[in-house]
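The values are calculated or read from the model by the stated rules, or taken from the named source; none is laboratory data. Keep in mind it's a predicted model, so treat the numbers as computed, not measured. Every residue, glycine as well, gets a Cβ built from its backbone with ideal geometry; the counts of neighbours run over all protein chains shown. Surface areas here come from the heavy atoms of the whole protein model, side chains and all, with no ligands, DNA or RNA. Shrake-Rupley method; radii C 1.70, N 1.55, O 1.52, S 1.80 Å.
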Amino acid sequence: MSTTTTASSNEAKLWGGGKSPFNVEYGKVMMWYFLMSDAFTFGAFLISYGTVRFSTNGWPDPNAVFRSFPFAPEGVHAPLVFVSIMTFILIISSVTMVLAVHAGHNMDKKGVVRNMILTIIGGIAFLSCQAWEWNHLFHEGAWWGANPFLNADGTASTTNFTNFFFTITGFHGFHVFSGVVINIIMLIMTLTNQFEKRGHYNMIEKAGLYWHFVDLVWVFVFTIFYLL
Amino acid sequence: MSQSHNAHADHGTNDGSAIAEIKKVTIILSVFTIIELMLGFWMIGMPAGALRLAIKGIIVILMMAKAFYIVAYFMHLKHEVKNLIMTIVVPLLLFVWFITAFLWDGSSFRNLRNTYDPHFKEQSTIKVAPKEEGHSEEHASGEKHEAPAEKH
């Protein structure tokens, strides 16, 4: 690929069999295609949210809805604070995942184990935050089919807001949960020297792709639900 | 097997630069998130208007930038073979049309209803007295929850 003079003959060789034209292993290509289809699923959810919001005159103000914080006194309102902590938890766990993949490249088992444990802790912390937030909203009367929050302009709201919120964050949370399970399996496989025996840590890379995708989706969910 | 090792050799050779790249992207993602949050705090209580819309536009741009950094560097797509990048990115271009078409449709539906459905228009202008701030005792909207209304 780097030589331009023999580009055509390289091209022929690239697709001539005997080697991967994408220069990655099969499982990783398939992980990419799975993530692409998953992106369309989340995209469909978020776009339908946008369509419904654009077709409605009023919409609840997220700063008036998501304003609670664990252990905060009753009257204290802290919009955006809790969700920003959740966002940073996910970003940091994504960074530790990259470090685990990097350690895997260097066949550094200890580094993989340490960073996978940190990533799993990050995932569990995120899920705990989300469980707290759902529980809190539920006790405020919000659930699928029930919306206690008024629109930002003081008019009556529909249940669209809570339906979309719980469906989309729930779907994302389920992805986080499966990511944590996958990461735990990867950790066990690392600890039992499965990857040392194979001679490579490609599985960590594939789990890493999934985990980064979960972080990527949260970037969109966080922005669209809490900021816009 | 040997193939995947070659692939690693392409971008895993110098350890220092890989770590430096991870650090750089971490800082970029954090800074963008902090800017988003600052804009979000700024928007609290701001009346609807051009300024609010502009801030929302900036937030969307930052969101796309963060997505780019995660996919390109954390998911390593930038360092893959061009053919692989294209098979992932080109189908995602469909989103450009999806977003345009569906948001357009949504706002068109709102305009139609506001024009031709006086009931809809009227309903969306009636202000409702806010329910009192008490939360747990408020069963009016959620009778079907049989969960005990315990609250810390």
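Enter the buried accessible area of the A/B pair, total of both sides, probe 1.4 Å, in Å² rounded to the nearest 100. Counting protein atoms only, the buried area is about 6600 Å². For peptide B:82-93, the mean count of partner chain Cβ atoms within 10 Å of a residue's Cβ comes to 3.
Taking amide H positions as modeled 1.01 Å from N, with prolines and chain starts lacking one, the residues under 5 Å from residue A:155 and 5 or more places away or on another chain are B:128.
Note on chain A: GNM, Cα springs under 10 Å; of A:108, A:153, A:61, the largest mean-square fluctuation is that of A:153. Within region B:67-126, none of the trypsin sites (Lys or Arg not before Pro) combine a DSSP coil assignment with at most 11 other C-beta atoms in a 10 angstrom radius.
Based on every Cα atom in region A:25-227, Rg and the maximum pairwise Cα distance Dmax equal 19.2, 64 Å. Along the axis of the charge dipole computed for region A:134-228 (Cβ charges of +1 for Lys and Arg, -1 for Asp and Glu, origin at the Cα centre), the listed residues A:137, A:203, A:164 are led at the positive end by A:203. Screening chain A for DSSP H helices whose Cα atoms reach 20 Å or more along their own axis and whose mean Kyte hydropathy is at least -1.0 gives A:26-54, A:81-105, A:109-139, A:160-191, A:202-222.
What the Cα atoms of region B:7-81 give is an Rg and a Dmax of 16.8, 55 Å. Between region A:195-210 and region B:24-88, how far is it from one alpha carbon centroid to the other, in angstrom? About 29 Å separates the Cα centre of region A:195-210 from the one of region B:24-88.
Cβ-Cβ distance of residue B:104 and residue A:109, R₀ of 51 Å, FRET efficiency by 1/(1 + (r/R0)^6): the value works out to about 0.45. For residue B:42 and residue A:185, the FRET efficiency from 1/(1 + (r/R0)^6), where r spans their Cβ atoms and R0 equals 45 Å, is about 0.55.
For the pair region A:25-75 and region A:101-154, the centres of their Cα atoms are 13 angstrom apart.
In angstrom, the C-alpha Rg and Dmax of the protein assembly as shown are 23.6, 76. Taking packing as the residue-averaged number of other Cβ atoms within 10 angstrom, the listed peptides A:44-52, A:66-74, B:45-53 run from highest to lowest as A:44-52, A:66-74, B:45-53. On a per residue basis, the protein assembly as shown carries 50 Å² of accessible surface, using protein heavy atoms and a 1.4 Å probe. Dipole of region A:25-227 (Lys/Arg Cβ +1, Asp/Glu Cβ -1, origin at the Cα centre): which of A:192, A:76, A:111 lies farthest to the positive side? In region A:25-227, that residue is A:192. Residue by residue, region B:77-82 carries 3J(HN,Hα) couplings of 5, 4, 8, 7, 5, 4 Hz when phi is fed to the Karplus relation 6.51 cos²θ - 1.76 cosθ + 1.60 (θ = phi - 60°); x denotes Gly or Pro.
Each label was represented as a point 7 Å from its Cα along the Cα-to-Cβ direction; for residue A:30 and residue A:78 these points are 4.5 nm apart. Averaged over the residues of A:219-227, the number of partner chain Cβ atoms lying within 10 Å of the residue Cβ comes to 6. Normalised by the number of residues in chain A, the average gap of Cα pairs under 8 Å and 6 or more apart makes the relative contact order 26 percent. With heavy atoms of protein chains only and a 1.4 Å probe, what residues of region A:24-56 have at least 40 Å² less accessible area in the full set of chains than alone? Buried-area filter returns A:32, A:36, A:40, A:47, A:51, A:54, A:55. Using a Förster radius of 35 Å, what is the FRET efficiency between residue A:131 and residue A:13 based on their Cβ-Cβ separation? Nearest 0.05, please. Here the calculated transfer efficiency is 0.10.
Share of carbon and sulfur in the accessible area of region B:7-81 stands at 73%, probe radius 1.4 Å.
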